[in-house]
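These notes are about the structure you will find just below.
The values are calculated or read from the model by the stated rules, or taken from the named source; none is laboratory data. Only a predicted model underlies this, so the values are computations on that prediction, with no experimental measurement involved. No Cβ is skipped: glycine too gets one built from the backbone with ideal geometry, and neighbour counts run over all protein chains shown. Please note that ligands, DNA and RNA were not included when accessible areas were found on the heavy atoms of the full protein model with its side chains. Shrake-Rupley method; radii C 1.70, N 1.55, O 1.52, S 1.80 Å.
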Amino acid sequence: MLRTVTFSDPEVCRLLDTQFVSTWHNQAQDLFPGKPGAPGDHQPAVSEHYLRTFPDGAGGGNVRMFFCTPDGRIVHGIEGFYRPETFLAEVAFAQQLLAVAGDPAELRRRVAARQAGLAGELGTAEAAGAAQHRALLQVLHRNLERLAQRLLELPDRYMVSEPHAIA
Amino acid sequence: MHRVFRSAAAAWVAAGLMGCAALVSAVRGTERAVATETERAVAATPRWVLPQERARALANSEGRPLLLVSLNGNLDGYC
């Protein structure tokens, strides 16, 4: 779904192609029996209904994305599938963090500030009973909790995980 | 007279076969068009630099930030 929905979005493509060197890595090539998972090997297409209704932010550690400095240090990390508008907001936040990557204290301050902001939004969403929005905010908040532990580390040790159940 | 009927029957059979062929061709053409459209829809993906070691080296040499997508399974599964 990242390929079909998020990465095929023209603005996402443009931004990644102009601002980042992008790469992907398949850490569980044997996850789908009979499908070797080589770069050119495509899984069967999912239905339009599935694409439309798949929740923003779902998918867990099946998909991990690390935004890194040129020398490969983590400044932002998100887990799961995101719709283009959510993904673009995360890229924008990553770019803010990249701009202060040389100042670890400022980097941590900005991550903490966004965490606090999301916690506030979460309270509002809970009061409004907006379940889907609340679920997304919880995922984004958890991303930042993990990020706080991983800032400026190399991503390699966080790229290997047990496959999550697919909804 | 028989010869006339035989010719007419042969003409009808030929026309039927040509009609079937045209129909099959049209359906296949539509399938091809759909397949092409699907490919076009996902053709606009970012330029992935593979393998990741090459991307890391390129980011470092060009001083550009790196986006590393790590997947359980390949890019077309649930991605």
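Observations, loosely collected:
- The residues of segment A:91-140 that are touching a Leu at 6+ places or on another chain (Cβ under 8 Å) and within 18 Å of A:PRO55 (Cα to Cα), listed by number, are A:LEU122, A:ALA125, A:ARG134, A:LEU137, A:GLN138, A:LEU140.
- Checklist (1) more than 10 Å from chain B (Cβ to nearest Cβ); (2) closer than 25 Å to B:ARG54 by Cβ; (3) modelled with pLDDT under 95 applied to A:THR53, failing item: (2)
- The single condition among (1) at pLDDT below 95; (2) open to solvent by 70 Å² or more (accessible area, probe 1.4 Å); (3) within 15 Å of the chain's Cα centre (by Cα) that A:GLY80 does not satisfy is (2).
- Test set (1) farther than 15 Å from B:LEU66 by Cβ; (2) touching a Phe, Trp or Tyr at 6+ places or on another chain (Cβ under 7 Å) - A:HIS76 fails condition number: (1)
- Test: A:GLY102 is of a type in the set (Gly, Ala, Ser) and either surrounded by 13 or more Cβ atoms within 10 Å (Cβ to Cβ) or part of a helix (DSSP H, G or I) (or both): no
- Hey, A:GLN132 surrounded by fewer than 18 Cβ atoms within 10 Å (Cβ to Cβ), without any contact (Cβ under 8 Å) to a residue 24 or more places away in the chain and among the polar types (S, T, N, Q) or not: no
- Residues that are of a type outside the set (Lys, Arg), without any contact (Cβ under 8 Å) to a residue 60 or more places away in the chain and surrounded by fewer than 19 Cβ atoms within 10 Å (Cβ to Cβ) within segment A:14-26 comprise A:ASP17, A:THR18, listed in sequence order.
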